[in-house]
1. Return P(r) of region 114-260 (all Cα-Cα pairs; 5 Å bins starting at 0; whole %; ordered from short to long distances).
2. Run the quick spin-label model on residue 301 and residue 267: label points 7 Å from Cα toward the beta carbon, then report their separation in nm to one decimal.
3. Could you list 82, 225 so that the one with the fewest beta carbons within 10 Å of its beta carbon is first and the one with the most is last?
4. Per-residue counts of other Cβ atoms within 10 Å, averaged by peptide: what ranking do you get for 83-94, 173-184, highest first?
5. Based on the mean of other Cβ atoms within 10 Å per residue, sort peptides 158-167, 293-302 so the most packed one is first.
6. For the pair residue 196 and residue 156, what calculated FRET efficiency results from E = 1/(1 + (r/R0)^6), where r is the Cβ-Cβ distance and R0 = 41 Å, to the nearest 0.05?
7. Between residue 63 and residue 111, what FRET efficiency follows from the Cβ-Cβ distance if R0 is 41 Å, with the result rounded to 0.05?
8. State, to one decimal in nm, how far the label point of residue 281 lies from the label point of residue 228, with both points 7 Å from Cα in the Cβ direction.
């Protein structure tokens, strides 16, 4: 099917040798190669053509074309036929001599918009493009064409802008998942530290706790006091960790440059602080229970 006459940007990103690049020059390079071949065949071919109707092309070849597919044809006859029927995104003027070397829009509305230091070429399709069976031409069709051409090159991967963005985000997500695992281990170690700190504090303050009980503090109040200490320790520790983490994150973004931007996830940070407080409350449960079970007289007479 050939396009007869959807708006949408056409761009293809490539990644070669396992290294991702945002350059989407694959389509333009392919079009340039097609155009050069078409220009060569147009300068001297063995075909004579005449139009018998608006939709019919009569051609005479000494040898039948090998393929009518720009990704597979390697003969002059094949390219000559496609020169008369195939319309790429960009093409050359159908003229002899130097005039035939001028690059012009084909299926594209205009020449590509070049940005990102020459790494990004953006083209828009002409409105109302349809295949001969009436199917609308979509920007994604061009990516599929390039993928078919590059099937023989396993080290080359074709990506559109969305796929390239997703692949970059996936790499960062892998790093973030690793950091979350390390954070979980750090939280477990911190909880053990809180339990140990409160246990030692209760042992050293046995006489103080006994005096508090003697002047009227109840067991429930002792448990609440110790649990509150655990919550305060955990929240202050988490806030200090968040400040240090944000400082290092901002420094990392600045070192990378303009590739990524710094964003402050307020909701996530608030959730982490709340979870830290809950974890501290749970960590203080055992020391609080132990402090509340002290015998008042024994606690007062302890050294």
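None of the figures in this text is laboratory data; all of them are computed from the coordinates on show. Computed from a predicted model, the values in this text were never measured in an experiment. Glycine gets a Cβ as well: all are built from the backbone with ideal geometry, and neighbour counts include every protein chain shown.
1. Calculated over all Cα pairs of region 114-260, the distribution is 2, 6, 8, 11, 10, 8, 8, 7, 6, 6, 5, 5, 4, 4, 3, 3, 2, 1, 0, 0 percent.
2. The answer from the label model is 6.0 nm.
3. Values: 82 22, 225 16.
Going from sparsest to densest Cβ surroundings: 225, 82.
4. On the way: 83-94: 18.3, 173-184: 10.5.
Top to bottom by mean Cβ count within 10 Å: 83-94, 173-184.
5. Numbers: 158-167: 16.3, 293-302: 13.6.
Going from most to least packed, we get 158-167, 293-302.
6. On the way: r = 56 Å, r/R0 = 1.37.
Taking R0 as 41 Å, the efficiency between residue 156 and residue 196 is 0.15.
7. Numbers: r = 35 Å, r/R0 = 0.86.
Given R0 = 41 Å and the Cβ-Cβ separation, E is 0.70.
8. 1.5 nm
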